[in-house]
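Below is one structure; the comments refer to it alone.
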Amino acid sequence: MNAWKGTGVAMVTPFKEDGSIDYEVLHSLTDYLIQGGVDYLVVNGTTAENPVLNENEKQAILSEVVKANNGRVPVVFGLGGNHTNQVLESLFQFDLSGVSALLSVTPYYNKPGQRGLYAHFGALAEVSPLPIMLYNVPGRTGIHLQTDTVLALANKYPQFIGIKEASGDFRHITRLIKERPREDFAVISGDDALTLPLIASGCDGVISVIANALPKPFSGMVADALANNLAEAQETHLELFELMHLIFEEQSPGGVKALMQHLGICRAYMRLPLVPIEESLKDRIIKAAKALNV
């Protein structure tokens, strides 16, 4: 049985106008997502703007989400980087109470080759107290965790329980689905708009951005797709398709935060170097949301 089937949500970090973290809204967002039907929460991922959070803030956000969650759904914590020893040290600096698994992105900027990637993740697997999801997002990191490397890691280390795939490479993802070493190794979409076709190909679900704003319809679509209710899933997919693209037209999470502000969930504040999206894009997002009656 794969424990990671369904919809995970890469939670945004709600900020106040002065740039501080709005923990009250973080609590209400946690409730909103769980009540909206998501299957698990991902804290400190890309959508959280984690490069501009310090270690104390990351710990505080994690602790507050775990507290608000109160054991209702699993919590995944993003823990990765391009300094292997620093990542290993941070494993033992964070209080990971209430965390079910880690999500670890490929090293970025220094652009290791496949042997370096294998060694980096192998070192993490050797010491991690928690299961690990790999995270392949070459559009952000500049490197692609290739199929053979993923399979080699998954075959050697049972600590790897799956991969979040945001490469958009259907051949690569299909090979992972087909050749995964065990049934409970999850292959998870990292792209909202590709989630339905990837589930139809055998993916186990998604770690979503748009589910921050629209957890109920989006997680419903994923559940329908996994249950082979493809007509219903396709209908929702097509209804949400424009919004799924609009929220990424400028830097993420600016688009989804604008949508969340329109829906009264949180304000659209971000930390530099990210800035709010252009008013013209915001208007198009709101128009698309109104057309959905949300």
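Each value in this text was obtained by applying a stated rule to the coordinates, not by laboratory testing. Owing to the predicted nature of the structure, the values given are computational and were not obtained by experimental measurement. Note: ideal-geometry Cβ built from the backbone for every residue, glycine included; neighbour counts use all protein chains shown.
Taking +1 at the Cβ of each Lys and Arg and -1 at the Cβ of each Asp and Glu, which of Asn228, Thr141, Gly8 sits farthest along the dipole of the chain towards its positive end, judged by Cα position relative to the Cα centre?
Checking the options against the dipole of the chain, the answer is Thr141.
Return the distance in nm (one decimal) between the two label points of a simple spin-label model at Glu126 and Phe241, each offset 7 Å from Cα along Cα→Cβ.
Those two pseudo-labels are separated by 4.9 nm.
What pairs from Lys16/Lys58; Lys216/Lys287; Lys58/Lys257; Lys111/Lys257; Lys5/Lys164; Lys164/Lys282 go past 23 Å between their alpha carbons? Please list the in-between numbers first.
Values: Lys16/Lys58 16 Å; Lys216/Lys287 20 Å; Lys58/Lys257 19 Å; Lys111/Lys257 30 Å; Lys5/Lys164 12 Å; Lys164/Lys282 28 Å.
The answer is Lys111/Lys257; Lys164/Lys282.
Please give the contour-minus-distance gain from Ser97 to Asn155: 0.36 nm per residue of separation, less the Cα-Cα distance, rounded to one decimal in nm. Don't skip to the answer; put the middle values down first.
On the way: separation 58, 0.36 × 58 = 20.88 nm, distance 2.77 nm.
Going from the current span to full extension adds 18.1 nm.
Given the rule -39500 (n - 2.57) for each run of at least 4 DSSP H residues, summed and divided by the residues of the chain, what is its mean residue ellipticity at 222 nm, to the nearest 500 deg cm²/dmol? Walk me through the numbers before you get to the answer.
Numbers: 12 runs with 132 residues, N = 294.
Calculated at 222 nm, the ellipticity per residue is -13500 deg cm²/dmol.
Which order results if His144, His83 are arranged by neighbouring Cβ count within 10 Å, fewest first? Show your work: numbers first, answer last.
Working: His144 17, His83 12.
Taking fewest neighbouring Cβ atoms as first place, the list is His83, His144.
What's the center-to-center distance, using Cα atoms, between the stretch 264-294 and the stretch 203-237 in Å?
22 Å
Quick one: what are the phi-derived ³J(HN,Hα) couplings along the stretch 97-102, Karplus 6.51/-1.76/1.60 with θ = phi - 60°, whole Hz, x for glycine and proline?
Residue by residue, the stretch 97-102 yields 4, x, 9, 8, 7, 9 Hz.
Report, in debye and to the nearest 20, how large the dipole of the chain comes out about its Cα centre when Lys and Arg carry +1 and Asp and Glu carry -1 on their Cβ.
Numbers: 23 positive and 32 negative charges, 99 e Å.
The calculated dipole for the chain is roughly 480 debye.
So how far apart, in nm, are the two label points at Lys287 and Asn85 if each is 7 Å from Cα heading toward Cβ?
5.5 nm
Short version: ³J(HN,Hα) in whole Hz for each residue of the stretch 270-285, in order, from phi by Karplus 6.51 cos²θ - 1.76 cosθ + 1.60 (θ = phi - 60°), x for Gly and Pro, what are they?
After applying 6.51 cos²θ - 1.76 cosθ + 1.60, I find 9, 9, 4, x, 7, 10, x, 5, 4, 4, 5, 5, 4, 4, 5, 5 Hz.
Of Tyr32, Tyr109, Tyr269, which is the most mobile in a GNM of the chain whose springs link Cα atoms less than 10 angstrom apart?
Looking only at Tyr32, Tyr109, Tyr269, the biggest GNM fluctuation is shown by Tyr109.
Most mobile of Phe241, Phe185, Phe77 per a Gaussian network model of the chain (Cα springs, under 10 Å)?
Phe241
Just want to confirm a number: the relative contact order over the chain, from Cα pairs under 8 angstrom separated by 6+ residues, in percent. Present the calculation step by step, with values, prior to reporting the outcome.
Numbers: 523 pairs, mean separation 55.6, N = 294.
Worked out over the chain, it gives 19 percent.
Treating only the Cβ atoms of Lys and Arg (+1) and Asp and Glu (-1) as charged, compute the dipole magnitude of the stretch 1-130 about its Cα centre; round to the nearest 20 debye.
On the way: 7 positive and 13 negative charges, 117 e Å.
Once rounded to the nearest 20, the dipole reads 560 debye.
Among Asn54, Asn155, Asn136, whose mean-square fluctuation peaks in a Gaussian network model of the chain (Cα, cutoff 10 Å)?
Maximum fluctuation in the GNM of the chain, among the listed residues, is at Asn54.
Nearest 5 is fine: what % of DSSP beta bridges in the stretch 6-227 come out antiparallel, could you say?
Values: 1 of 29 bridges.
Just about 5 percent of them are antiparallel.
When Arg180, Arg115, Arg72 are ordered from fewest to most other Cβ atoms inside 10 Å of their Cβ, what list results? Working shown, then result.
Working: Arg180 20, Arg115 9, Arg72 13.
With the sparsest Cβ surroundings first, the list reads Arg115, Arg72, Arg180.
In whole angstrom, note down how far apart the Cα centers of the stretch 86-145 and the stretch 24-52 are.
A separation of 21 Å, based on Cα centres.
Please say if the stretch 6-227 is rounded, prolate or oblate, where rounded means a/c under 1.5 for a ≥ b ≥ c the square roots of the C-alpha gyration tensor eigenvalues, and otherwise the choice is prolate for a/b larger than b/c and oblate otherwise? Working shown, then result.
Working: a/c = 1.69, a/b = 1.16, b/c = 1.47.
Oblate shape, in that a/c is at least 1.5 and b/c is the bigger or equal ratio.
May I ask you to work out the translational diffusion coefficient for the stretch 19-131 at 25 °C, viscosity 0.890 mPa s, via Stokes-Einstein with Rh from the Kirkwood sum over Cα pairs, reported in whole µm²/s?
Values: Rh = 15.0 Å.
For these conditions, the coefficient is 164 µm²/s.
From the phi of every residue in the stretch 199-208, what ³J(HN,Hα) in whole Hz does the Karplus formula 6.51 cos²θ - 1.76 cosθ + 1.60 yield, where θ is phi - 60° and glycine or proline is x?
Rounded to whole hertz, the list is 5, 4, 8, x, 5, 9, x, 8, 10, 9.
Just rank Glu239, Glu24, Glu183, fewest to most, by other beta-carbon atoms within 10 angstrom. Before the final figure, lay out the partial values.
Details: Glu239 16, Glu24 11, Glu183 8.
Fewest-to-most Cβ neighbours within 10 Å comes out as Glu183, Glu24, Glu239.
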